[in-house]
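Here the structure comes first, spelled out in C-alpha cells, and everything after it is commentary.
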Amino acid sequence: MRLALGCLLLALPALAQLDSAALRAKFGAPLHRETFHLPRGFDLIVDYGAENQVCKLEVPAEMPLPEGASGPYDPKQDMQAFLLNLVPASMRGKEVTRGMWVVGGFSVSHIIYEHVTILTSNVVGRGEIITVQFSNTNCH
C-alpha cells in the first residue's frame with residue numbers, strides 16, 4: 001500500500017506539467033523569434049509573422065563603443081545609422097506623426113511612418129530600447 005501511494009505521489013508532478021500542445025491550445029501559436037548576436041557587441045531580436053516576414057525588430061538605443069575607437073563618438077547616432085541601413089527610408093514610407101508619452105519614470109517616444117512604427121522606450125533592467133514594428137497584415 002505504501003509503495004503504491006509513493007508511486008502515485010511521484011507520478012503527480014509529471015501529470016501537472018504543461019506541454020507545448022497545452023500552451024498552444026490555450027494561447028495559439030507561439031512567436032517565431034530569432035536573436036542575432038552582432039559583431040559590434042549587441043543583439044538584434046527579430047519576431048516573425050505567419051509567413052516568415054519580419055514583424056518586429058528590437059535593438060538597444062545606443063551602439064556599443066567600437067574596439068579601438070578614439071575621438072568623438074555618438075552611440076545613439078551610430079545606432080540610428082545602423083537602423084537606417086537595415087530599414088531604409090524607402091521601406092518605412094512617409095512620416096505620418098511623432099510624439100512622446102511620459103508616465104512617472106517611464107517614457108516612450110514614437111515615430112509613425114506609412115509602413116513602420118519606431119518606438120524608443122526605457123525598459124526597467126534593460127535600459128533604453130528601440131523597437132521597429134512593421135504594419136504587415138500578417139503581424140496582427
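Descriptive notes on the structure:
- Restricting the first member to segment 129-140 and to residues that are over 14 Å from Leu44 (Cβ atoms), and the second to residues that are among the aliphatic types (A, V, I, L, M) and surrounded by fewer than 16 Cβ atoms within 10 Å (Cβ to Cβ), the beta-carbon pairs closer than 6 Å and six or more apart or on different chains are Asn138/Ala50.
- If you go through segment 85-140 and keep only what is part of a strand (DSSP E or B), at pLDDT below 90 and either open to solvent by 90 Å² or more (accessible area, probe 1.4 Å) or touching a Lys or Arg at 6+ places or on another chain (Cβ under 6 Å) (or both), you end up with Trp101, Val102, Val103, Phe106.
- Reported count of residues in segment 16-38, each being at pLDDT 90 or above and farther than 15 Å from Glu58 by Cβ, is 0.
- A Cβ distance below 7 Å, combined with a sequence gap of six or more or placement on separate chains, defines the contacts here; from segment 39-59, residues that are more than 21 Å from Ser121 (Cβ to Cβ) reach residues that are open to solvent by less than 60 Å² (accessible area, probe 1.4 Å) and assigned to a strand (DSSP E or B) in the pairs Tyr48/Val54; Tyr48/Cys55; Gly49/Cys55.
The values are calculated or read from the model by the stated rules, or taken from the named source; none is laboratory data. All figures in this text were calculated on a predicted structure; none of them were measured in a lab. For neighbour counting, all protein chains shown are included, and Cβ atoms are generated from backbone atoms with ideal geometry for every residue, glycine included. We work out accessible area using only protein heavy atoms, side chains counted, and drop any ligands, DNA or RNA first. Shrake-Rupley method; radii C 1.70, N 1.55, O 1.52, S 1.80 Å.
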